[in-house]
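The values are calculated or read from the model by the stated rules, or taken from the named source; none is laboratory data. Here the structure is a predicted model, which is why all the values come from computation and not from measurement. Neighbour counts are summed over all protein chains in view; Cβ atoms, including those assigned to glycine, are modelled from backbone coordinates with ideal geometry. Just the protein is used for accessible areas: all its heavy atoms, side chains included, with ligands, DNA and RNA removed. Shrake-Rupley method; radii C 1.70, N 1.55, O 1.52, S 1.80 Å.
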Amino acid sequence: MTATAPGQNRLTSPSHPQRWLILGVICLAQLTVLLDNTVLNVAIPSLTRELDASTADVQWMINAYSLVQSGLLLTAGSSADRYGRKKMLIAGLALFGIGSLVAGLAQSSTQLIAARAGMGIGGALLMTTTLAVVVQIFDDAERIKAIGIWSTVSSLGFAVGPLIGGVMLDHFWWGAIFLINIPVAVIGLAAVARLVPESKNPGGERPDLLGALLSTIGMASVVYAIISGPGHGWTSGRVMLTAFVGVAVLTGFALWELHIPYPMLDMHFFRNQRFIGAVAGAILVAFGMGGSLFLLTQQLQFVLGYGPLEAGLRTAPLALSVVALNLTGLGARLVPRLGTPATIAAGMGLLAAGLAAVALLGGNGYGGMLLGLVVMGAGIALAMPAMANAIMSAIPPEKAGVGAGVNGTLAEFGNGLGVAVLGAVLNSRFAALVPAAVGAASLPAALAAATGDGERARITDAFASGLETSQLVGAVAVLAGGLLAAVLLRRAERAESARADSAGTAAAA
């Protein structure tokens, strides 16, 4: 498989007559998977108390799912292309439902982390097939709008997870946030079996199992080093060793992909500036979303004092702004007018501004946070559909599953990395500010060890300061990613235009 020009990757098949109903079905499956990326955030205080989980434990509960899923997405996409996307949807829903049952009944942090890792396998199968099916059943005229709706569901999953989690925790124990997935999985199974057409690439290559193993081990090692850094010291042997292993394994993954005839990820795509620009943007927008929501739910509960349901309700404006803008087709209309680079730059600039507003204005009350959430939602609504379309346009249509795997891998890796990096910044800042006699494994633990009201107030202020610093780091990263993506995409467009002009001149001569 080699990188091809975006203009060569358009599908010529007509749209499926039941395409919009099918889109609704696969979006239901997509929403279930994405909810699980964020629904756990609002349960952090409950898990800390009931499972005696430290901050690192909670981060692994979140990252175990994301890292396993991101490590398997490319293999799952390749399998969907070869064996059938409908089959992979059904298998993914079944595995995800079983994993949710095990997670809901877990009795310890270790059991929950293992169950979340198992759910990541089913999630990988679902994530790759949903976008691949969208690309297959919609023609050129409707594909951008369909991807916009698909992206809306993706954003909605990130944003409304805390709301659903808050409702469940207000009435049930924390395990209910996983058990609610089971009826959704059953409904999805019936709908997929009845409505979704089978599609596959009979000539597709076999799955790259070694590549999947290498990518999973490499990413897990790097994120483990980031999570362990504040507690063990960034220069400690454990952190340095795991970081080295992660980088070495990921380097081995890249070399393996370059020298086999059936790579999960054709490394030649990284010679395409359009692809690289979309990749940079996708990672950083997911980084900002995942990391900020991880911090936001803690800020609402630990600093501002809201309960789980109240905290979940107060994250809803982010989801509502994304839904309102994408369902009106604003992003799909702006891409042809502004161009992909400008649309992505504007969207990620708004996302960065929203993160900064939450950091600087949200510490003393909800008003400033509300402004930041709405601005973040506007940025996500503009940037995500344009980036997904840019990535898929650089992938041959017969590799739609692999293309969806690339897009999903970037989102999952960015989300996990955002939780890990911004969580590490929070932990480092908090540990530096709390009284030396008080441990800083988590805010509740530090408060429990405090000896007076004054010390508890200083500890809470230190945690709020750590949240502000982390959110500002996320804002800077997202803004830098947006500018980088825009520059690379603009250069790619100019290069393609120059080649087209040269070809036209040669043909005329």
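Do the conditions hold for Ala103, that is, is it touching a helix residue (DSSP H, G or I) at 6+ places or on another chain (Cβ under 7 Å), closer than 20 Å to Leu293 by Cβ and touching a residue at least 40 places away in the same chain (Cβ under 8 Å)?
yes
Matching residues to (1) among the polar types (S, T, N, Q); (2) out of contact with any Phe, Trp or Tyr (no Cβ under 6 Å at 6 or more places or on another chain); (3) open to solvent by less than 10 Å² (accessible area, probe 1.4 Å); (4) without any contact (Cβ under 8 Å) to a residue 12 or more places away in the chain:
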residue	(1), (2), (3), (4)
Ile98	no, yes, no, no
Thr110	yes, yes, no, yes
Arg116	no, no, yes, no
Thr128	yes, yes, yes, no
Val133	no, yes, yes, no
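Being in a helix (DSSP H, G or I) and modelled with pLDDT of 85 or more narrows it down to one of Val134, Val102, so name that one. On inspection, the qualifying residue turns out to be Val102. Is it the case that the range 397-414 has a residue that's open to solvent by 10 Å² or more (accessible area, probe 1.4 Å), within 18 Å of Ser66 (Cα to Cα), touching a residue at least 12 places away in the same chain (Cβ under 8 Å) and among the hydroxyl-bearing types (Ser, Thr, Tyr)? Yes; the residues of the range 397-414 include at least one that is open to solvent by 10 Å² or more (accessible area, probe 1.4 Å), within 18 Å of Ser66 (Cα to Cα), touching a residue at least 12 places away in the same chain (Cβ under 8 Å) and among the hydroxyl-bearing types (Ser, Thr, Tyr). Checking each residue in the range 45-84 for being closer than 15 Å to Pro263 by Cα and not polar (S, T, N, Q) picks out Gly71, Leu72, Leu73, Leu74, Ala76, Gly77, Ala80, Asp81, Arg82. Whether a residue is of a type in the set (S, T, N, Q), assigned to a helix (DSSP H, G or I) and open to solvent by 40 Å² or more (accessible area, probe 1.4 Å) was assessed, and Gln69 does not pass this test. Among (1) aliphatic (A, V, I, L, M); (2) under 22 Å from Leu105 (Cα atoms); (3) at pLDDT 80 or above; (4) open to solvent by 50 Å² or more (accessible area, probe 1.4 Å), which single condition is Ile164 missing? In the conditions (1) aliphatic (A, V, I, L, M); (2) under 22 Å from Leu105 (Cα atoms); (3) at pLDDT 80 or above; (4) open to solvent by 50 Å² or more (accessible area, probe 1.4 Å), Ile164 misses (3) alone.
Just one residue in the set Gly354, Gly372 is under 30 Å from Ile144 (Cα atoms), without any contact (Cβ under 8 Å) to a residue 24 or more places away in the chain and buried (at least 21 other Cβ atoms within 10 Å of the Cβ); that residue is Gly372. Residues in the range 331-381 that are of a type outside the set (Val, Ile, Thr), at pLDDT below 85 and under 19 Å from the mean Cα position of the chain (by Cα): Ala381 alone. Here is the figure for the range 117-152: residues that are under 30 Å from Thr48 (Cα atoms) and touching an Asp or Glu at 6+ places or on another chain (Cβ under 8 Å) total 3.
The residues of the range 448-468 that are surrounded by fewer than 16 Cβ atoms within 10 Å (Cβ to Cβ) and closer than 23 Å to Asp57 by Cβ amount to a single one, Ala448. The number of residues in the range 69-92 being at pLDDT 80 or above and under 13 Å from Asp36 (Cβ atoms) comes to 1.
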